[in-house]
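Student: A single structure is presented below for examination.
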Amino acid sequence: MTESVLTGQITTSSDRPKVQKWMRLLVWKIAIATLLLMAVGSATRVMNAGLACPDWPLCYGQLVPTQQMNLQVFLEWFHRLDASLIGLSTLALVALSWWFRKELPKWLPWACLGALGLIVFQGILGGLTVTQMLRFDIVTAHLGTALLFFATLVIIALCLTPYHGTTTARKLRWVSLTAAILVYIQCLLGALVGSRWALHQCFGGSQLCAVMNSHIIGVVPATFATLTVVFMAWRTPALHPTLRKLAWVAGGVVVLQVLLGVATFYLHLQVEPLTVTHHTVGAALFATLVALTTLGMRDANSYAQSNR
(Lines give C-alpha, C1' and ligand atoms only; values in the text may rest on other atoms or scores of the structure.)
Protein backbone atom coordinates (compact mmCIF):
# COMPACT_ATOMS: atom_id res chain seq x y z
CA MET A 1 0.00 0.00 0.00
CA THR A 2 1.30 3.44 -1.01
CA GLU A 3 0.05 7.00 -0.90
CA SER A 4 -0.95 8.53 -4.25
CA VAL A 5 0.66 11.88 -5.09
CA LEU A 6 -2.37 12.81 -7.19
CA THR A 7 -5.22 12.02 -4.80
CA GLY A 8 -3.57 11.80 -1.40
CA GLN A 9 -5.30 8.42 -0.96
CA ILE A 10 -3.89 5.01 -0.18
CA THR A 11 -3.40 2.82 -3.25
CA THR A 12 -3.31 -0.97 -3.33
CA SER A 13 -2.30 -3.60 -5.85
CA SER A 14 -5.73 -3.26 -7.47
CA ASP A 15 -4.74 0.27 -8.52
CA ARG A 16 -1.72 -0.93 -10.49
CA PRO A 17 -3.58 -1.31 -13.82
CA LYS A 18 -4.89 2.26 -13.44
CA VAL A 19 -1.42 3.64 -12.74
CA GLN A 20 0.01 1.77 -15.72
CA LYS A 21 -2.83 3.02 -17.92
CA TRP A 22 -2.29 6.72 -17.31
CA MET A 23 1.47 6.28 -17.50
CA ARG A 24 0.97 4.61 -20.88
CA LEU A 25 -1.25 7.49 -22.03
CA LEU A 26 1.40 9.99 -20.97
CA VAL A 27 4.06 8.13 -22.95
CA TRP A 28 1.85 8.07 -26.06
CA LYS A 29 1.20 11.81 -25.76
CA ILE A 30 4.93 12.49 -25.60
CA ALA A 31 5.45 10.20 -28.60
CA ILE A 32 2.85 12.09 -30.67
CA ALA A 33 4.46 15.39 -29.66
CA THR A 34 7.81 13.98 -30.78
CA LEU A 35 6.45 13.08 -34.21
CA LEU A 36 5.09 16.63 -34.47
CA LEU A 37 8.50 17.93 -33.39
CA MET A 38 10.21 16.05 -36.21
CA ALA A 39 7.64 17.34 -38.71
CA VAL A 40 8.19 20.94 -37.58
CA GLY A 41 11.95 20.36 -37.65
CA SER A 42 11.65 19.16 -41.24
CA ALA A 43 9.58 22.21 -42.15
CA THR A 44 12.18 24.43 -40.48
CA ARG A 45 14.95 23.00 -42.64
CA VAL A 46 12.91 23.00 -45.86
CA MET A 47 11.92 26.64 -45.33
CA ASN A 48 15.55 27.64 -44.64
CA ALA A 49 14.56 28.65 -41.12
CA GLY A 50 17.23 26.74 -39.22
CA LEU A 51 19.05 29.96 -38.33
CA ALA A 52 15.97 32.21 -38.18
CA CYS A 53 16.75 32.57 -34.46
CA PRO A 54 20.45 33.49 -34.46
CA ASP A 55 20.98 32.73 -30.77
CA TRP A 56 20.19 29.79 -28.49
CA PRO A 57 18.30 28.87 -26.31
CA LEU A 58 16.47 32.21 -26.58
CA CYS A 59 15.38 33.76 -29.87
CA TYR A 60 16.72 37.27 -30.40
CA GLY A 61 17.36 37.28 -26.67
CA GLN A 62 13.65 36.80 -25.91
CA LEU A 63 11.33 33.99 -24.92
CA VAL A 64 8.84 35.18 -27.56
CA PRO A 65 10.37 37.37 -30.31
CA THR A 66 7.19 39.27 -31.15
CA GLN A 67 8.88 42.08 -33.10
CA GLN A 68 10.94 39.75 -35.33
CA MET A 69 8.16 37.18 -35.80
CA ASN A 70 7.57 35.93 -39.33
CA LEU A 71 7.00 32.46 -40.77
CA GLN A 72 10.64 31.41 -40.58
CA VAL A 73 11.16 32.75 -37.06
CA PHE A 74 7.89 31.15 -35.96
CA LEU A 75 8.93 27.74 -37.29
CA GLU A 76 12.27 27.82 -35.47
CA TRP A 77 10.74 29.27 -32.30
CA PHE A 78 7.87 26.74 -32.27
CA HIS A 79 10.33 23.90 -32.89
CA ARG A 80 12.23 24.94 -29.76
CA LEU A 81 9.01 25.38 -27.80
CA ASP A 82 7.80 21.88 -28.68
CA ALA A 83 11.23 20.45 -27.81
CA SER A 84 11.16 22.21 -24.43
CA LEU A 85 7.68 20.86 -23.64
CA ILE A 86 8.76 17.35 -24.57
CA GLY A 87 11.80 17.67 -22.34
CA LEU A 88 9.70 18.82 -19.39
CA SER A 89 7.14 16.07 -20.03
CA THR A 90 9.90 13.45 -20.11
CA LEU A 91 11.29 14.81 -16.85
CA ALA A 92 7.80 14.48 -15.32
CA LEU A 93 7.57 10.94 -16.73
CA VAL A 94 10.81 10.00 -14.97
CA ALA A 95 9.66 11.53 -11.68
CA LEU A 96 6.29 9.75 -11.79
CA SER A 97 7.84 6.41 -12.76
CA TRP A 98 10.07 6.54 -9.69
CA TRP A 99 7.32 7.81 -7.38
CA PHE A 100 4.97 4.98 -8.40
CA ARG A 101 7.70 2.39 -8.93
CA LYS A 102 5.96 -0.10 -6.59
CA GLU A 103 2.89 -0.08 -8.84
CA LEU A 104 4.88 -0.22 -12.08
CA PRO A 105 7.21 -2.75 -13.72
CA LYS A 106 10.74 -2.63 -12.32
CA TRP A 107 12.24 -1.79 -15.70
CA LEU A 108 10.09 1.29 -16.30
CA PRO A 109 11.97 3.91 -14.19
CA TRP A 110 15.25 2.90 -15.84
CA ALA A 111 13.71 2.99 -19.31
CA CYS A 112 12.34 6.46 -18.60
CA LEU A 113 15.78 7.56 -17.43
CA GLY A 114 17.19 6.30 -20.73
CA ALA A 115 14.58 8.31 -22.62
CA LEU A 116 15.49 11.39 -20.57
CA GLY A 117 19.16 10.89 -21.44
CA LEU A 118 18.28 10.81 -25.14
CA ILE A 119 16.18 13.98 -24.98
CA VAL A 120 18.92 15.82 -23.05
CA PHE A 121 21.45 14.78 -25.69
CA GLN A 122 18.94 15.83 -28.33
CA GLY A 123 18.71 19.29 -26.76
CA ILE A 124 22.50 19.62 -26.77
CA LEU A 125 22.58 18.70 -30.46
CA GLY A 126 19.81 21.22 -31.10
CA GLY A 127 21.90 23.97 -29.55
CA LEU A 128 24.98 22.90 -31.54
CA THR A 129 22.90 22.90 -34.70
CA VAL A 130 22.45 26.66 -34.28
CA THR A 131 25.85 27.58 -32.83
CA GLN A 132 27.69 25.48 -35.46
CA MET A 133 25.69 27.03 -38.30
CA LEU A 134 23.73 23.92 -39.37
CA ARG A 135 26.77 21.66 -39.73
CA PHE A 136 25.53 18.65 -41.67
CA ASP A 137 26.84 15.93 -39.34
CA ILE A 138 25.24 17.59 -36.30
CA VAL A 139 21.93 18.04 -38.14
CA THR A 140 21.97 14.35 -39.12
CA ALA A 141 22.79 13.25 -35.56
CA HIS A 142 20.01 15.55 -34.33
CA LEU A 143 17.42 13.65 -36.38
CA GLY A 144 18.96 10.26 -35.57
CA THR A 145 18.67 10.92 -31.84
CA ALA A 146 15.09 12.13 -32.24
CA LEU A 147 14.19 8.87 -33.99
CA LEU A 148 15.82 6.82 -31.23
CA PHE A 149 13.91 8.79 -28.59
CA PHE A 150 10.69 8.27 -30.57
CA ALA A 151 11.35 4.53 -30.81
CA THR A 152 12.08 4.33 -27.08
CA LEU A 153 8.71 5.90 -26.29
CA VAL A 154 6.90 3.49 -28.62
CA ILE A 155 8.62 0.51 -26.99
CA ILE A 156 7.80 1.73 -23.47
CA ALA A 157 4.15 2.35 -24.37
CA LEU A 158 3.71 -1.06 -25.98
CA CYS A 159 5.42 -2.87 -23.10
CA LEU A 160 2.88 -1.22 -20.79
CA THR A 161 0.00 -2.35 -23.01
CA PRO A 162 -1.82 -5.59 -22.11
CA TYR A 163 -0.97 -8.16 -24.76
CA HIS A 164 -1.46 -11.91 -24.99
CA GLY A 165 0.74 -13.34 -27.71
CA THR A 166 -0.10 -16.29 -29.92
CA THR A 167 3.54 -17.56 -29.97
CA THR A 168 3.69 -17.46 -33.80
CA ALA A 169 5.93 -14.45 -34.45
CA ARG A 170 9.34 -15.94 -33.66
CA LYS A 171 10.78 -15.40 -37.16
CA LEU A 172 8.73 -12.32 -37.98
CA ARG A 173 10.27 -10.31 -35.13
CA TRP A 174 13.79 -10.62 -36.58
CA VAL A 175 12.68 -9.65 -40.07
CA SER A 176 10.78 -6.65 -38.74
CA LEU A 177 13.82 -5.66 -36.64
CA THR A 178 15.98 -5.82 -39.77
CA ALA A 179 13.46 -3.70 -41.65
CA ALA A 180 13.37 -1.15 -38.82
CA ILE A 181 17.18 -0.86 -38.85
CA LEU A 182 17.26 -0.42 -42.62
CA VAL A 183 14.54 2.24 -42.50
CA TYR A 184 16.45 4.03 -39.71
CA ILE A 185 19.60 4.07 -41.84
CA GLN A 186 17.53 5.33 -44.77
CA CYS A 187 16.17 8.16 -42.61
CA LEU A 188 19.73 9.13 -41.67
CA LEU A 189 20.74 9.12 -45.33
CA GLY A 190 17.73 11.30 -46.10
CA ALA A 191 18.80 13.71 -43.35
CA LEU A 192 22.30 13.77 -44.83
CA VAL A 193 20.92 14.55 -48.28
CA GLY A 194 18.78 17.35 -46.86
CA SER A 195 21.40 18.86 -44.57
CA ARG A 196 23.96 19.01 -47.40
CA TRP A 197 21.40 20.05 -50.02
CA ALA A 198 22.76 17.16 -52.06
CA LEU A 199 19.80 16.96 -54.45
CA HIS A 200 20.09 20.62 -55.46
CA GLN A 201 23.87 20.44 -55.78
CA CYS A 202 23.74 17.24 -57.84
CA PHE A 203 21.21 18.69 -60.27
CA GLY A 204 22.98 22.05 -60.37
CA GLY A 205 26.62 21.09 -60.69
CA SER A 206 26.94 17.29 -60.41
CA GLN A 207 28.27 17.63 -56.85
CA LEU A 208 27.36 15.32 -53.94
CA CYS A 209 25.59 12.93 -56.34
CA ALA A 210 27.08 10.01 -54.39
CA VAL A 211 25.27 11.21 -51.26
CA MET A 212 21.99 11.53 -53.13
CA ASN A 213 22.41 8.19 -54.91
CA SER A 214 23.12 6.40 -51.63
CA HIS A 215 19.71 7.50 -50.40
CA ILE A 216 18.06 6.39 -53.64
CA ILE A 217 19.80 2.99 -53.59
CA GLY A 218 18.91 2.58 -49.91
CA VAL A 219 15.23 2.51 -50.87
CA VAL A 220 15.64 -1.01 -52.26
CA PRO A 221 16.72 -2.98 -49.15
CA ALA A 222 14.45 -1.01 -46.81
CA THR A 223 11.42 -1.52 -49.06
CA PHE A 224 12.23 -5.20 -49.70
CA ALA A 225 12.60 -5.93 -45.98
CA THR A 226 9.32 -4.17 -45.16
CA LEU A 227 7.43 -6.01 -47.89
CA THR A 228 8.97 -9.26 -46.61
CA VAL A 229 7.41 -8.48 -43.23
CA VAL A 230 4.04 -8.08 -44.94
CA PHE A 231 4.46 -11.36 -46.82
CA MET A 232 5.49 -13.28 -43.69
CA ALA A 233 2.57 -11.84 -41.73
CA TRP A 234 0.21 -12.89 -44.51
CA ARG A 235 1.68 -16.41 -44.59
CA THR A 236 1.91 -16.95 -40.81
CA PRO A 237 -1.11 -18.83 -39.49
CA ALA A 238 -2.78 -17.81 -36.23
CA LEU A 239 -0.76 -14.58 -36.09
CA HIS A 240 -1.99 -12.11 -33.49
CA PRO A 241 -4.47 -9.69 -35.17
CA THR A 242 -2.51 -6.66 -33.94
CA LEU A 243 0.69 -7.92 -35.53
CA ARG A 244 -1.12 -8.62 -38.78
CA LYS A 245 -2.64 -5.12 -38.82
CA LEU A 246 0.73 -3.51 -38.09
CA ALA A 247 2.29 -5.47 -40.95
CA TRP A 248 -0.39 -4.29 -43.37
CA VAL A 249 0.03 -0.72 -42.13
CA ALA A 250 3.79 -0.96 -42.67
CA GLY A 251 3.20 -2.23 -46.22
CA GLY A 252 0.84 0.61 -47.04
CA VAL A 253 3.11 3.23 -45.49
CA VAL A 254 6.22 2.02 -47.32
CA VAL A 255 4.39 2.20 -50.68
CA LEU A 256 3.21 5.72 -49.82
CA GLN A 257 6.75 6.66 -48.78
CA VAL A 258 8.22 5.45 -52.07
CA LEU A 259 5.64 7.44 -54.04
CA LEU A 260 6.34 10.55 -51.97
CA GLY A 261 10.07 10.07 -52.51
CA VAL A 262 9.66 9.78 -56.28
CA ALA A 263 7.46 12.88 -56.38
CA THR A 264 9.90 14.81 -54.19
CA PHE A 265 12.80 13.84 -56.44
CA TYR A 266 11.14 14.79 -59.72
CA LEU A 267 9.82 18.06 -58.30
CA HIS A 268 13.35 18.91 -57.08
CA LEU A 269 12.15 19.60 -53.50
CA GLN A 270 10.19 22.60 -54.77
CA VAL A 271 6.94 21.62 -52.99
CA GLU A 272 7.74 22.12 -49.32
CA PRO A 273 4.64 20.35 -47.84
CA LEU A 274 5.43 17.29 -49.97
CA THR A 275 9.00 17.15 -48.66
CA VAL A 276 7.87 17.54 -45.05
CA THR A 277 5.29 14.78 -45.53
CA HIS A 278 7.99 12.52 -46.98
CA HIS A 279 10.16 13.00 -43.89
CA THR A 280 7.26 12.54 -41.47
CA VAL A 281 5.94 9.40 -43.15
CA GLY A 282 9.46 7.94 -42.96
CA ALA A 283 9.45 8.46 -39.18
CA ALA A 284 5.98 6.89 -38.97
CA LEU A 285 7.15 3.86 -40.95
CA PHE A 286 10.11 3.44 -38.60
CA ALA A 287 7.81 3.63 -35.58
CA THR A 288 5.43 1.07 -37.10
CA LEU A 289 8.24 -1.43 -37.62
CA VAL A 290 9.54 -0.79 -34.10
CA ALA A 291 6.05 -1.45 -32.75
CA LEU A 292 5.78 -4.67 -34.76
CA THR A 293 9.19 -5.81 -33.51
CA THR A 294 8.31 -5.02 -29.89
CA LEU A 295 5.08 -7.00 -29.97
CA GLY A 296 6.85 -9.76 -31.88
CA MET A 297 9.38 -10.00 -29.06
CA ARG A 298 6.56 -10.19 -26.54
CA ASP A 299 4.97 -12.90 -28.67
CA ALA A 300 8.22 -14.86 -28.59
CA ASN A 301 8.41 -14.46 -24.81
CA SER A 302 4.95 -15.98 -24.59
CA TYR A 303 6.25 -18.96 -26.57
CA ALA A 304 9.25 -19.35 -24.25
CA GLN A 305 7.05 -19.21 -21.16
CA SER A 306 4.60 -21.73 -22.58
CA ASN A 307 7.44 -24.25 -23.07
CA ARG A 308 8.82 -24.01 -19.54
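The values are calculated or read from the model by the stated rules, or taken from the named source; none is laboratory data. Treat the numbers as computed from the prediction; the structure is a model and nothing was measured. Quick reminder, even Gly has a Cβ in these numbers, built from the backbone with ideal geometry, and neighbours come from all protein chains shown. With ligands, DNA and RNA removed, areas are computed over all heavy atoms of the protein, side chains included. Shrake-Rupley method; radii C 1.70, N 1.55, O 1.52, S 1.80 Å.
Student: Among C209, C53, what's the order by accessible area (1.4 angstrom probe), most exposed first?
Tutor: Largest to smallest exposure gives the sequence C209, C53.
Student: Here's another thing I want to ask about it. Which Cα, out of A222, W56, H240, lies furthest along the positive dipole direction of the chain (beta carbon charges, K/R +1, D/E -1)?
Tutor: Of the listed residues, the answer is H240.
Student: Sticking with this one: Once you wrap a convex hull around the alpha carbon atoms of segment 165-307, what is its projected area averaged over all directions, in nm²?
Tutor: The orientation-averaged projected area of the Cα hull of segment 165-307 comes to 8.2 nm².
Student: Convex hull over the Cα atoms of the chain, averaged projected area in nm²?
Tutor: 18.1
Student: Let me ask something else about it. Keeping every protein chain in place, order S84, S195, S214 by accessible area at 1.4 Å, biggest value first, i.e. largest first.
Tutor: Heavy-atom accessible area, descending, gives S84, S214, S195.
Student: While we're on this one: If you average the alpha carbon positions of segment 280-296 and of segment 58-118, how far apart do those two centres end up, in angstrom?
Tutor: Result: 22 Å between the Cα centres.
Student: Then there's this: Heads up, I need the accessible area for L182: 1.4 angstrom probe, whole protein in place, Å², nearest 10.
Tutor: 50
Student: Let me ask something additional. Accessible surface of F78 in the full protein assembly, 1.4 angstrom probe, to the nearest 10 Å²?
Tutor: Near enough 60 Å² of accessible area.
Student: With no solvent and one point per C-alpha, what does the Debye sum give as log10 I(q)/I(0) for segment 226-270 at q = 0.13, 0.15, 0.24 Å⁻¹?
Tutor: -0.38, -0.46, -0.75
Student: Name the cysteines of the chain that stand alone by the Cβ rule: no other cysteine Cβ under 4.7 angstrom.
Tutor: Lacking a cysteine Cβ partner under 4.7 Å: C112, C159, C187.
Student: State the answer as a single residue: which of Y184, L295, L260 lies farthest towards the positive end of the charge dipole of segment 165-307, with beta carbon charges of +1 for Lys and Arg and -1 for Asp and Glu, about the Cα centre.
Tutor: Farthest towards the positive pole: L295.
Student: So, one more: What share of Cα pairs, in percent, lie more than 22 angstrom apart in segment 223-308?
Tutor: Value for segment 223-308: 37 percent of Cα pairs lie more than 22 Å apart.
Student: Next up: Of the heavy-atom accessible surface of segment 17-162 (probe 1.4 angstrom), what whole percent is carbon and sulfur?
Tutor: 73
Student: Let me confirm the definition first: pairs of Lys residues in the chain, 8 or more apart or on different chains, C-alpha distance under 18 Å. How many are there?
Tutor: Lysine pairs meeting the criterion: 7.
Student: Now for a different question. Percent of accessible area on segment 165-307 owned by carbon and sulfur, 1.4 Å probe?
Tutor: With neighbouring chains kept in place, the figure for segment 165-307 is 70 percent.
Student: A further question on this structure: What do you get when you divide the Cα radius of gyration of segment 17-162 by 2.2 N^0.38 Å, with N the number of residues?
Tutor: The reported ratio for this selection is 1.12.
Student: Using helices alone, what [θ] at 222 nm do you get for the chain, with -39,500 (n - 2.57) per DSSP H run of 4 or more residues, divided over all residues and rounded to the nearest 500?
Tutor: My calculation for the chain gives -26500 deg cm²/dmol from helical runs alone.
Student: So which trypsin sites (Lys or Arg not before Pro) in segment 171-208 are both in a DSSP loop and have at most 16 other Cβ atoms within 10 Å of their Cβ?
Tutor: Those satisfying the criteria are K171.
Student: Something else now. Counting heavy atoms of the protein chains only and a 1.4 Å probe, report the per residue accessible area for segment 165-307 as a whole number of Å².
Tutor: Dividing the accessible area of segment 165-307 by its residue count gives 48 Å².
Student: Still on this structure: With every protein chain present, what is the per residue accessible area of segment 17-162 (1.4 Å probe, Å²)?
Tutor: Ligands and nucleic acids excluded, the figure is 49 Å² per residue.
Student: Another question, if that's okay. From the backbone phi of segment 34-39, what are the Karplus-calculated ³J(HN,Hα) couplings (6.51 cos²θ - 1.76 cosθ + 1.60, θ = phi - 60°) in whole Hz, Gly and Pro given as x?
Tutor: In residue order, the calculated couplings are 5, 4, 4, 4, 5, 5 Hz.
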